[in-house]
Structure formats: C-alpha cells, structure tokens
Amino acid sequence: MPDQVRHDEITSILRCFRRGSLFSASMNEKNKSLIGLHASNILFAGTGLFAKLIPLPAIDIIALRCLMAAGALLVIITLIKRRIMLAGRRDRLLMVLCGLLMCVHWVAFFHAMQVSTVAVGMIALYTYPIITVFLEPLWQRQRPQRADLVCGLLVVAGVYLLVPEFSLRSSTMLGLFWGSVSAVAFALRNVLQRQYLLYYRGDTAIFYQALIAGLAALPFMRQSTLSVAPSIWLQLGMLAFFCTAVPHSLFAGALRQVKAKTAGLIGCLMPVYGVALAWLVLGEAPSAATVLGGLIIVGAAAFESYRA
C-alpha cells in the first residue's frame with residue numbers, strides 16, 4: 001500500500017513537471033508573438049520615413065510598393081503552402097472594394113506625411129479606431145454608446161490642438177485633412193473586412209488588397225518606371241518587403257497566440273514608434289501641441305481598442 005501511494009505521488013509530480021514544461025513552452029510562444037507584434041508595428045512605423053525619403057509622388061510610391069509587396073506576399077504564401085483562392089463572386093467583389101479603399105488609404109496617408117510631417121500624418125490616421133466605432137453601429141443600425149461619444153469628443157479636441165491655424169495654406173492643416181481621408185478609407189475597409197471577409201487570414205487578404213491597390217494606382221502614375229533610379233528601386237523594395245509584406249505576415253502569425261484586443265492596444269504604439277523614428281532619422285522634432293494632441297488621440301484609440 002505505501003509503495004502504491006509513493007508511486008502515485010511520483011506520478012503526480014511528474015505530471016506537474018510535464019504541465020510546467022508545457023506551460024513554459026506556451027509562454028515562450030506567446031512571448032514570441034508579442035515580440036512579433038511590436039516588431040510589426042515598428043516596421044509599419046517605418047513607412048513614414050520612406051514617404052519622406054523616396055522622391056516620388058504618393059500615387060507612384062503606392063503603385064510600385066503595392067505591386068512589389070503583393071509579389072513578396074505571394075512568394076511567402078506559396079512557400080508555406082497556404083491556399084489563397086477566394087470562395088466566390090461575392091467575396092471577389094468585396095475584396096476588390098477593400099483593395100480600392102486600401103489604395104485611397106495608402107495614397108492619402110503618404111501624401112499627408114509628404115505635405116506635412118510624419119507625426120501629423122500618423123496621428124491623423126489614428127483617428128480611425130474612433131471612426132470605426134461610429135461606423136459599425138450605423139452598419140448594424142444601432143446607436144453609438146456614450147463612451148464612444150466621449151472618445152469622439154476627445155479626438156476632436158486632440159485634432160484641434162494639432163492645428164496651428166485653420167487655413168489651407170497651413171501644412172499641418174493639409175496633413176490632417178489627408179490623414180483623415182486615409183483614416184476614413186481605412187475604417188471603411190476594416191468594417192467591410194470584419195463584417196464579410198473575417199474568415200480570410202490577414203496575409204491572404206492583404207495580398208489581394210495590395211495587388212488591387214497597386215493595379216488601381218498604376219494608371220495614375222506621374223513618372224515613368226524607366227526613369228526611376230536604381231537607388232529609388234532599392235528603397236521601394238525595402239518599403240514593399242520590410243514595411244509591408246513582413247509586418248503583415250508577422251501580425252497575422254501573432255494573432256494565433258495573442259488576443260485581438262492585445263494586438264489593437266499594441267497597435268496604438270505605432271504612432272509613437274513613427275514619431276520617434278522620424279525624430280531620430282529625419283530630425284522632425286514634434287511640437288508640444290503635437291505631442292499633447294497625439295497623446296489624447298492615441299489614448300482615445302487605445303481605450304476603444306481595450307473596450308473592443
């Protein structure tokens with residue numbers, strides 16, 4: 001009898017060790033996913049640098065960037081042997097619409113940073129979580145909640161702090177305008193994808209949307225691809241691979257271990273990373289008003305992501 005008890009105790013201890021090792025393994029996977037999320041947001045934030053460094057109009061950058069990113073994503077998806085076929089005609093039409101919205105989003109976003117600063121463009125873009133919480137209830141024929149209205153007012157206050165003067169001659173005002181256009185297009189795309197295309201993985205969806213956005217922007221290019229210098233092609237390749245294909249793949253992979261709410265909250269750090277990179281690399285030091293307005297807007301976005 002004592003031998004049996006001892007045997008049971010040893011078996012129980014061994015089970016605990018096994019569980020502990022499994023728990024550590026799962027924690028390691030989660031930590032890797034969190035690191036991947038932060039890495040993806042730092043890479044996403046790097047897009048602001050290329051908007052300033054590449055001497056091409058925003059429409060040209062987006063056309064070439066999207067087509068190159070779509071090619072890189074196709075290679076990645078093929079290597080990991082994942083199916084990318086869309087389910088039917090309805091999904092194809094919706095994916096085309098999302099791709100066109102992404103084209104508007106990217107072109108407006110890059111133009112906002114070109115006419116203003118990286119900080120203003122990125123902060124204006126991060127009004128999209130608030131726009132989304134107003135769009136989704138309308139889509140579902142519901143009223144926005146009181147907390148959403150408060151966040152909306154906070155965002156308006158944050159934007160007001162960013163604007164030095166309400167004039168179209170102001171670069172900040174232009175940056176906020178185009179950044180807001182980018183945010184509306186991005187919010188609409190997110191609502192459509194969440195409502196109708198949620199069963200497609202992030203890298204699959206962004207492959208189609210990047211391809212469609214690139215093809216849509218291609219006819220409006222202002223400069224011939226033959227006149228683009230090799231150094232600019234290198235920058236475009238880095239933008240397409242390191243700031244589009246890789247971060248989207250990292251983000252999609254991280255969502256296997258991390259909750260969407262956590263991903264949304266970490267995503268709110270992207271403007272912080274973007275402003276820091278622009279300050280370090282481009283010397284664009286944000287003003288006190290930009291920092292204060294940005295903190296209010298990003299704080300409201302983080303609160304909405306937490307509530308979601």
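Every number here is computed from the coordinates shown, using simple stated rules; none is lab data. Since the model is a prediction, treat every value here as computed from it, not as a measurement. Neighbour counts run over all protein chains shown; Cβ positions are idealised from the backbone, glycine included.
First measure r as the distance between the Cβ atoms of Val281 and Val96, then evaluate 1/(1 + (r/R0)^6) with R0 = 35 Å and state the FRET efficiency to the nearest 0.05. Numbers along the way, then the final one.
On the way: r = 36 Å, r/R0 = 1.03.
The calculated FRET efficiency here is 0.45.
Which FRET efficiency value, to the nearest 0.05, is calculated for Arg143 and Leu226 with the Förster distance at 51 angstrom and r the Cβ-Cβ distance?
Details: r = 55 Å, r/R0 = 1.07.
Once the sixth-power term is evaluated, E becomes 0.40.
So, with +1 on the Cβ of K and R and -1 on the Cβ of D and E, and no other charges, what is the size of the charge dipole of segment 39-109 about its Cα centre, to the nearest 20 debye?
Details: 8 positive and 2 negative charges, 72 e Å.
Dipole of segment 39-109, to the nearest 20 debye: 340 debye.
Could you give the size of the charge dipole of segment 43-307 about its Cα centre, using +1 on the Cβ of each K and R and -1 on the Cβ of each D and E, expressed in debye and rounded to the nearest 20? Numbers along the way, then the final one.
Working: 20 positive and 8 negative charges, 194 e Å.
Computed charge dipole of segment 43-307: roughly 940 debye.
As an exercise, use a Förster radius of 30 Å and the Cβ-Cβ distance of Phe134 and Ile35 to find the FRET efficiency, rounded to the nearest 0.05.
For Phe134 and Ile35, the calculated efficiency is 0.35.
Using +1 at the C-beta of Lys and Arg and -1 at the C-beta of Asp and Glu, which of Ala205, Ala278, Pro230 has the Cα lying farthest in the positive direction of the dipole of segment 43-307?
So the residue we want is Ala205.
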